[in-house]
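Notes follow once the structure below has been shown.
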Amino acid sequence: MELVIKHYTELTPTELYEILRVRSAVFVVEQNCVFLDMDGKDAKAYHVTLWDNGEILAYLRVLEKGVTFDEVAIGRVLTTIRGKGYANIILEAGIKTAVERFGARVIKLEAQTYARGVYEKHGFRQSSDEFLEDGIPHIEMTLDIERK
């Protein structure tokens, strides 16, 4: 396995294609959710991927303050194989990236409600009421780095 952290400007066309393919496979096809994944924010993000033999096992993106929230944000969190601990690996790498690259003191994300426990293991706490996004229940969650 190889953990790769690259800003959008550093991604090769093949890496970007694979990231977008996997995001579409998980969020559009698997979750049967029709939405525009390519939201114009990727160019402002660090992309954190866990690769094995040319395949993405887990992915997320880290966005600087002001792109999604007033705080540094993590988004598009996914794993392609469940139950192997890849979500924990990618979240730890995403948190570290947010702190190292953007000086994050607080990190915010929108989580699918069913996955709340995964994020809570990493110190995130629910910070909004539940809401529907693209027909799927979500909550905002916040991580205060100094309290982690």
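Bear in mind these aren't lab numbers, they're just calculated from the coordinates by the rules spelled out. Just so it is clear, the model here is predicted, and its values are computed rather than measured. In this analysis, Cβ positions are derived from the backbone assuming ideal geometry, glycine residues included, and neighbour counts consider all displayed protein chains.
Structure summary
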read-out	value
Given charges at Cβ of Lys, Arg, Asp, Glu: the chain dipole, positive-most of Leu78, Ile19, Ala93	Ala93
Cβ-derived FRET efficiency at R0 35 Å, Arg125 paired with Trp51, nearest 0.05	0.70
Shape of the range 7-75, Cα gyration tensor, a/c cut at 1.5	oblate
Assigned charges on the beta-carbon of Lys, Arg, Asp, Glu; the chain dipole about Cα centre (debye)	340 debye
Candidates per chymotrypsin sites (Phe, Trp or Tyr not before Pro) in the range 1-40, loop by DSSP, up to 13 other Cβ within 10 Å	Phe35
Spin-label proximity, Asp37 to the range 47-67 - amide N less than 18 Å from point 7 Å beyond Cα toward beta carbon	47-52, 54-63
Karplus 3J(HN,Hα) series, Hz, for the range 130-145 with 6.51 cos²θ - 1.76 cosθ + 1.60 (x for Gly, Pro)	5, 9, 8, 10, 6, x, 10, x, 10, 9, 7, 9, 10, 10, 9, 4
Thr113/Glu10 FRET efficiency (R0 35 Å; Cβ-Cβ; nearest 0.05)	0.55
Amide proton proximity set for His7, modelled H, under 5 Å, gap of 5+	His47
Karplus (6.51, -1.76, 1.60) ³J(HN,Hα), θ = phi - 60°, over the range 61-68, in Hz, Gly and Pro reported as x	10, 10, 10, 5, 3, x, 7, 10
Sorted by Cβ neighbour density within 10 Å, fewest at the top, the residues His7, His138	His7, His138
Reachable aspartates and glutamates, given that their alpha-carbon falls under 14 Å from the alpha-carbon of Lys96 and they are not under 8 places away in the same chain	Glu64, Asp144, Glu146
Using θ = phi - 60° and Karplus 6.51 cos²θ - 1.76 cosθ + 1.60, couplings along the range 21-29 (whole Hz; Gly, Pro as x)	5, 5, 4, 5, 4, 7, 7, 9, 7
Estimated FRET transfer efficiency (Asp144, Lys84; beta-carbon r; R0 41 Å; 0.05)	0.90
Amide H partners (placed H, <5 Å) of Ala58, local residues excluded	Leu50, Thr80
Gyration tensor verdict on the range 1-118 (Cα atoms; rounded if a/c is under 1.5, prolate if a/b is larger than b/c, oblate otherwise)	rounded
